[in-house]
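The values are calculated or read from the model by the stated rules, or taken from the named source; none is laboratory data. Remember, it's a predicted structure, so these values are computed and weren't measured experimentally. A quick note on method: Cβ atoms are made from the backbone with ideal geometry, for glycine too, and the neighbour counts reach across all protein chains shown.
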Amino acid sequence: MKYKWFYPGVSVLMFATLYIAMALEFSPGSFQTLVAVVTGLLSYSIMLTLVLISIRPKSIEKKVGMTELYEIHGWMAMVIPVAILLHMIIFWSGLENVITLNLSPASLWGYMGVIMLIIVMLTGIFVLSDTFIKGSKALMKRKGGYNRNFQLWLHRLAIVSVIAIYLHMANIGFLSDNQVFMTLLTVYTGLTLGAYIVKKIHNLMLPKYQIVRTEKITPAIHEIELEATKGKAMEIEAGQFAFFRFVDSEVGREPHPFSFSASPRTKDGNLTVMIQEDGDFTDTIGQVKIGDKVTIEGPYGNFYPEAVQQSDKPMVF
């Protein structure tokens, strides 16, 4: 349970240290200014943390669970629009001045960051997650009609938004003149973007597997067996899943999560997944063929009780 507060704690830590560094040289002259500063720094701290969550670190996922991580991501993200709206209205002395587009360098970068952020939030709320729309049949039905791969690319504008808002703060006089603040801001931003880039490079260099068998075992379920092209296949536990990226197939190349269906102790060591046709990507899974290359990011998942590893007795779930 305590690990669920890890990422919110990271946000609070970044926010607190940035605020203290700012307060060393700048004192808000009014309560409104204080609220504007707090909401701006809090929004940025949460944005950096959401990027860190998107990296899907195994050590934290194993303690919390991927579903819970996505829920934490969603709830933290909902703080951002409220905080940024307050920040903009107060700093521009009213919403009407926000709309008039004061194009100073700081404002220009700020507007760009907010526009990118709006796109990111819309794709997250209405397409990539159902946390906030699962109570509406109409919205859930509409969700299935969007091109998920395209929406994922739009969602990556979060990185552009982070860079734009960093430049926004770097062009605000009382912040850019504060060396302690700018050092902390640059370190937090650099580490976050660096971790994101390293993760992307790591995913591109993942060992490749090749499809050795495909079978349509029901009218809507495909079974795909994969073997490692070099070395031994990854070790898995029953109940785990991974993100599969079909490198040279006719289907989309965005990674998708699927659960392993074969026993982790098969003699040949091959990996097997069963994929149900249930969306714009899985509906095309029948186009994959033997010999196609696949990369697998994982394994993830923490649903495997210790008793399974310690006893030969059968367990039914």
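List of remarks:
- Some residue of the stretch 43-53 being outside the structural domain of Gly301 (by TED's automatic domain parsing), closer than 19 Å to Gly301 by Cα and among the aliphatic types (A, V, I, L, M): yes
- With respect to the conditions (1) within 20 Å of the chain's Cα centre (by Cα); (2) farther than 20 Å from Val79 by Cβ, Ile20 falls short on a single one, namely (1).
- Qualifying residue in the stretch 127-135 (condition: of a type in the set (Val, Ile, Thr) and modelled with pLDDT of 85 or more): no
- Of the helices (runs of 4 or more DSSP H) that lie entirely inside the stretch 1-69, those containing 3 or more residues that are basic (Lys, Arg) span 58-64.
- Considering Thr229, Thr214, Thr189, the condition of being in the same structural domain as Leu117 (by TED's automatic domain parsing) and either in contact with a helix residue (DSSP H, G or I) (Cβ under 9 Å, 6 or more places away or on another chain) or hydroxyl-bearing (Ser, Thr, Tyr) (or both) is satisfied by Thr189 alone.
- In the stretch 245-260, the residues that are more than 29 Å from Pro314 (Cβ to Cβ) and touching a strand residue (DSSP E or B) at 6+ places or on another chain (Cβ under 9 Å): Arg245, Phe246, Val247, Asp248, Ser249, Gly252, Arg253, Glu254, Pro255, His256
- Test result for Met76, among the aliphatic types (A, V, I, L, M), surrounded by 15 or more Cβ atoms within 10 Å (Cβ to Cβ) and either touching a helix residue (DSSP H, G or I) at 6+ places or on another chain (Cβ under 8 Å) or within 21 Å of Ile115 (Cβ to Cβ) (or both): yes
- Per-region count, the stretch 11-64, residues among the charged types (D, E, K, R) and modelled with pLDDT of 90 or more: 1
- Which numbered condition Leu69 misses (of (1) at pLDDT 90 or above; (2) crowded, with 20+ Cβ neighbours inside 10 Å): (1)
- Condition check for Val294: aliphatic (A, V, I, L, M), in contact with a Phe, Trp or Tyr (Cβ under 6 Å, 6 or more places away or on another chain), modelled with pLDDT of 90 or more and over 19 Å from Met66 (Cα atoms): yes
Here's the yes/no breakdown for (1) modelled with pLDDT of 90 or more; (2) in contact with a strand residue (DSSP E or B) (Cβ under 6 Å, 6 or more places away or on another chain); (3) closer than 28 Å to Gly301 by Cβ:
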position: Leu167; (1), (2), (3): yes, no, no
position: Asp177; (1), (2), (3): yes, no, no
position: Phe181; (1), (2), (3): yes, no, no
position: Gly190; (1), (2), (3): yes, no, no
position: Ile211; (1), (2), (3): yes, yes, yes
position: Glu215; (1), (2), (3): yes, yes, yes
position: Glu223; (1), (2), (3): yes, yes, yes
position: Ala233; (1), (2), (3): no, yes, yes
position: Ala238; (1), (2), (3): no, no, yes
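- Residue match in the stretch 293-301 (condition: small (Gly, Ala, Ser), touching a residue at least 60 places away in the same chain (Cβ under 8 Å) and either touching a Lys or Arg at 6+ places or on another chain (Cβ under 9 Å) or surrounded by fewer than 18 Cβ atoms within 10 Å (Cβ to Cβ) (or both)): yes
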